[in-house]
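Presented below is the structure to which this report refers.
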Amino acid sequence: MQILACDVADRSAAAALMAHIFEQQPPLNAVIHAAGVLDDAVITSLTPQRIDTVLRPKVDAAWNLHELTRDLNLSAFIVFSSMAGITGAPGQANYAAANTFLDALASHRQATGLPAISLAWGLWEQASTMTGHLRGSDLARIQRAGLVR
């Protein structure tokens, strides 16, 4: 097993990574896309740059991985999305859109006979770089919306 890294949202870098992987044995048999970036803002404050900050690592990267591997015999293509794409989240229109795309990409792959799973995570129990800033009032609001950790 190898662990390799690159900016898969950059199509050229992703293609170069895949070319390197295709030279290896055993061949690539699974893809796990686990990107996540936040740039929260009310919708009237979203700029193209703020939208791109969130969509690029989720949407562009997942699409590149899809296109570069769709002709391979993968056993798994897993993307990590978020409940925000299903339930929405205050100030996270860009994040919700990015995660909805991941869910739709998994559905598209399944409809064309390709393996795909989209795991729509809720709020994690442990604080992370994406949730460490949440205060008690934030967590109470989230819980009132029906999501608990």
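Highest mean packing first, where packing is the average number of other Cβ atoms within 10 Å per residue, the peptides 96-103, 69-76, 50-57 line up as 96-103, 50-57, 69-76. Across the options Cys6, Ala120, Gly36, the greatest Cα extent toward the positive end of the charge dipole of region 1-127 (unit charges at beta carbon of Lys, Arg, Asp, Glu) belongs to Ala120.
For region 55-100, the solvent-accessible area works out to 40 Å² per residue, with a probe of 1.4 Å and every protein chain left in place.
Amide H contacts under 5 Å for His33: Ile78, Val79, Phe80, restricted to partners 5 or more places along the chain or on a different chain, H placed in the peptide plane at 1.01 Å from N. Heavy-atom surface analysis with a 1.4 Å probe gives region 1-101 a carbon and sulfur content of 58 percent of its accessible area. Taking other residues whose beta carbon is less than 15 angstrom from the beta carbon of Ala9, and scoring Lys, Arg as +1 and Asp, Glu as -1, yields -3.
Seen from every direction in turn and averaged, the convex hull around the alpha carbons of region 1-65 projects onto 4.9 nm².
The values are calculated or read from the model by the stated rules, or taken from the named source; none is laboratory data. Everything quoted here is computed from the prediction, not taken from an experiment. Every residue, glycine as well, gets a Cβ built from its backbone with ideal geometry; the counts of neighbours run over all protein chains shown. Keep in mind that these areas ignore ligands, DNA and RNA; they rest on the heavy atoms of the full protein, side chains included. Shrake-Rupley method; radii C 1.70, N 1.55, O 1.52, S 1.80 Å.
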